[in-house]
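Some notes on the structure that comes next.
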Amino acid sequence: VRPIPLSTLLSWRNCASAASLGLAYPRPNVFIPSEQGLRVKNQPRQGDERARSFQEKIKPIPPPSIIRDDGDEGRWTVYFKQDDRFGKPKAFLIFQLMTDEVYSSPLKAVLATLYQQSAADKLNEYTYDANLADMSYDLQVLPRGVRLT
C-alpha cells in the first residue's frame, strides 16, 4: 500500500460536477421500502449456517397462518407469515373478476385479448421500477374471467 499523490487528491476534489457532464441520478424508486418501513422480528442470519446444529437446520418452516377465511362461498382467504429469515418484504395477491362474457363470442374473446395486451403495454413503463425492486404482476384474460396477480 502506498500513499495517493497530492496532485491526484486535488484533481479528485476539483473534478467536474455530474450535472456539467450531463449526468443525473435516477429518480427514487418508490417500490423499495425504506429502512424505517421494514420491520423484521428477527434479523436475518448471515454467515452462521455452520454454527447451527443439524436439528436446527432440518426443523420445518411453519406454514402461514390464516388471518381471514370467508369460506368456500366467501370473498377472501388471507394468509400471513412473518419473514424472519431473509428480511425481505413479500406479498402475493390474486384478484379475479369472474364472468362468462369474456369468451361468449369470438369477437369478445379477441377484444379481451387486445385489452390484455394494451393494458400490459400501458403498465410497462410504470412497472419498470417495480421490476427493479423484484416485484412483478401478471394480467391474464381467461375463459372464466380476468385475473390480476
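Applying the condition of being among the aliphatic types (A, V, I, L, M) and more than 28 Å from Pro26 (Cα to Cα) to the range 99-122 and asking which residue is surrounded by the fewest Cβ atoms within 10 Å (Cβ to Cβ) yields Leu107.
Tell me yes or no: at least one residue of the range 123-130 is exposed (fewer than 10 other Cβ atoms within 10 Å of the Cβ), modelled with pLDDT of 90 or more, within 30 Å of Arg27 (Cβ to Cβ) and of a type outside the set (Gly, Ala, Ser). Explain how you work it out, then say what you get.
The initial filter retains those residues of the range 123-130 that are exposed (fewer than 10 other Cβ atoms within 10 Å of the Cβ), namely 125-126.
Imposing the further condition that a residue be modelled with pLDDT of 90 or more reduces the set to none.
No, every residue in the range 123-130 fails to be exposed (fewer than 10 other Cβ atoms within 10 Å of the Cβ), modelled with pLDDT of 90 or more, within 30 Å of Arg27 (Cβ to Cβ) and of a type outside the set (Gly, Ala, Ser).
The values are calculated or read from the model by the stated rules, or taken from the named source; none is laboratory data. As the structure is a computational prediction, the values presented were derived from the model and not from experiment. Heads up, the Cβs are rebuilt from the backbone with ideal geometry, glycines too, and the neighbour counts pull from every protein chain shown.
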